[in-house]
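Step one of this worksheet: look at the structure below.
The values are calculated or read from the model by the stated rules, or taken from the named source; none is laboratory data. What you are looking at is a predicted structure, and each value in this text was computed from that prediction instead of being measured. Note: ideal-geometry Cβ built from the backbone for every residue, glycine included; neighbour counts use all protein chains shown.
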């Protein structure tokens, strides 16, 4: 006879799951991360438990000066009280179905229409940068009835298959067939202008898309003449001009939007990252009224979630109230960073690119030097972002002089 355990002593499935969770929670975070999180590369050995201002703190209590700020997300530092308090006091709906009316959606769209350059007026809701660019591509095709695009070689506009089709960095084994895209090679000068016209003059390109200051290429700064010509050529040949300001928007380059450096009036503007300061996920695709009327289909289940909208409105209102002071500090700190970096004893001659507090340091002939600096600086308590042939710095726009000085001293000690 086989004796079974009394039913009252058997462990139920929910109890087993709870015990499994308790067992796994005792594993160190790296083991747990490795077991269940899918990543494209190994994470840094920093378990973040707190952020404040320009600082990140790990589980061991170590303080890091943050010169990355979530890669252009925390433009106003971490823990800004006006935004945090707004979220704490929120008493609105948990969720709003996209087909319904919600006053705060209209209010945020109104704010974006007021502050964005040119004749941009209508906002499409998105959850982040990739979706914002997807909407822009959709809108360009709908409006022009064309399916070709032009972008900058080596660009980055998102992680979906369509946005990756704009880049030369398409997944290995994949075929770049979602979009027919021609890429203009930097430097973005007179020669590049001629190449852009040769492509656009066929009148079969839906849109030319680029970052006005290309953070993803080590803060590549286009020639002013190229940017002005790009807008004129798009108008001449019936292509739309899409400015991807997911990274450059909300003050990163010294102006609220980097398009303002060139007096551009884009047909479509893509926003995300610093639009909420990192307190919630939100993206926006802002278009002219004419382009918006052409969009045949668009839907986003979580686009502009009520809590995200509160964060965005609080952030934009903070900008409207303190814009002059923030931009003054950004440009003052830009000069300070430039002076300090120009005088640092790099072992390889650097190409230093600075626009506001978007800063790229690039080395030619020594591919590993930048990564070694990033690694050494991290051990000393300074966070930088590695890039191809160098590294980038995106410190908070309201960073205090003493914090900037301490961070740059740590950088110099890491050379």
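Select the helices (runs of 4 or more DSSP H) contained entirely in region 287-382, then report the ones holding at least 3 residues which are over 30 Å from residue 98 (Cβ atoms).
306-342, 369-380
Is it true that some residue in region 143-159 is in contact with a helix residue (DSSP H, G or I) (Cβ under 7 Å, 6 or more places away or on another chain), surrounded by fewer than 18 Cβ atoms within 10 Å (Cβ to Cβ) and either in contact (Cβ under 8 Å) with a residue 60 or more places away in the chain or closer than 17 Å to residue 299 by Cα (or both)?
yes
Scan region 98-114 and tell me whether some residue there is in contact (Cβ under 8 Å) with a residue 40 or more places away in the chain and closer than 25 Å to residue 239 by Cβ.
Yes: one or more hits.
Here is a yes/no grid of residues against (1) closer than 23 Å to residue 257 by Cβ; (2) more than 23 Å from the chain's Cα centre (by Cα):
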position	(1), (2)
328	yes, no
334	yes, no
347	no, yes
352	no, no
357	yes, no
362	no, no
369	no, yes
374	no, no
378	no, no
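Take the residues in region 110-119 that are touching a strand residue (DSSP E or B) at 6+ places or on another chain (Cβ under 6 Å) and part of a helix (DSSP H, G or I), then tell me which one is surrounded by the fewest Cβ atoms within 10 Å (Cβ to Cβ).
Among those that are touching a strand residue (DSSP E or B) at 6+ places or on another chain (Cβ under 6 Å) and part of a helix (DSSP H, G or I), it is 113.
Residue 330 is checked against (1) surrounded by fewer than 23 Cβ atoms within 10 Å (Cβ to Cβ); (2) over 28 Å from residue 207 (Cβ atoms) and fails just one. What number does that condition carry?
Failed condition: (1).
Condition check ((1) within 23 Å of the chain's Cα centre (by Cα); (2) in a helix (DSSP H, G or I)) across all residues:
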| position | (1), (2) |
| --- | --- |
| 91 | no, no |
| 94 | no, no |
| 98 | no, no |
| 108 | yes, yes |
| 121 | yes, no |
| 124 | yes, no |
| 133 | yes, yes |
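Do we have any residue at all in region 123-139 that's in the same structural domain as residue 247 (by TED's automatic domain parsing), out of contact with any strand residue (DSSP E or B) (no Cβ under 9 Å at 6 or more places or on another chain) and within 27 Å of residue 320 (Cβ to Cβ)?
no
Could you list, in sequence order, all residues of region 232-262 that are free of Cβ contacts under 8 Å to residues at least 40 places away in the same chain and either more than 16 Å from residue 195 (Cβ to Cβ) or within 23 Å of the chain's Cα centre (by Cα) (or both)?
Within region 232-262, 235, 241, 243, 245, 249 meet the criteria.
With the condition kept exactly as written, say whether any residue in region 69-82 is out of contact with any strand residue (DSSP E or B) (no Cβ under 6 Å at 6 or more places or on another chain), farther than 30 Å from residue 374 by Cβ, surrounded by 12 or more Cβ atoms within 10 Å (Cβ to Cβ) and modelled with pLDDT of 85 or more.
Among the residues of region 69-82, at least one is out of contact with any strand residue (DSSP E or B) (no Cβ under 6 Å at 6 or more places or on another chain), farther than 30 Å from residue 374 by Cβ, surrounded by 12 or more Cβ atoms within 10 Å (Cβ to Cβ) and modelled with pLDDT of 85 or more, which makes the answer yes.
How many residues, within region 386-401, are part of a strand (DSSP E or B), within 17 Å of the chain's Cα centre (by Cα) and crowded, with 21+ Cβ neighbours inside 10 Å?
3
Yes or no: region 160-171 includes at least one residue that is surrounded by 18 or more Cβ atoms within 10 Å (Cβ to Cβ) and modelled with pLDDT of 95 or more.
Of region 160-171, the ones surrounded by 18 or more Cβ atoms within 10 Å (Cβ to Cβ) are 163-167.
Now restrict to residues that are modelled with pLDDT of 95 or more: none.
No: zero hits.
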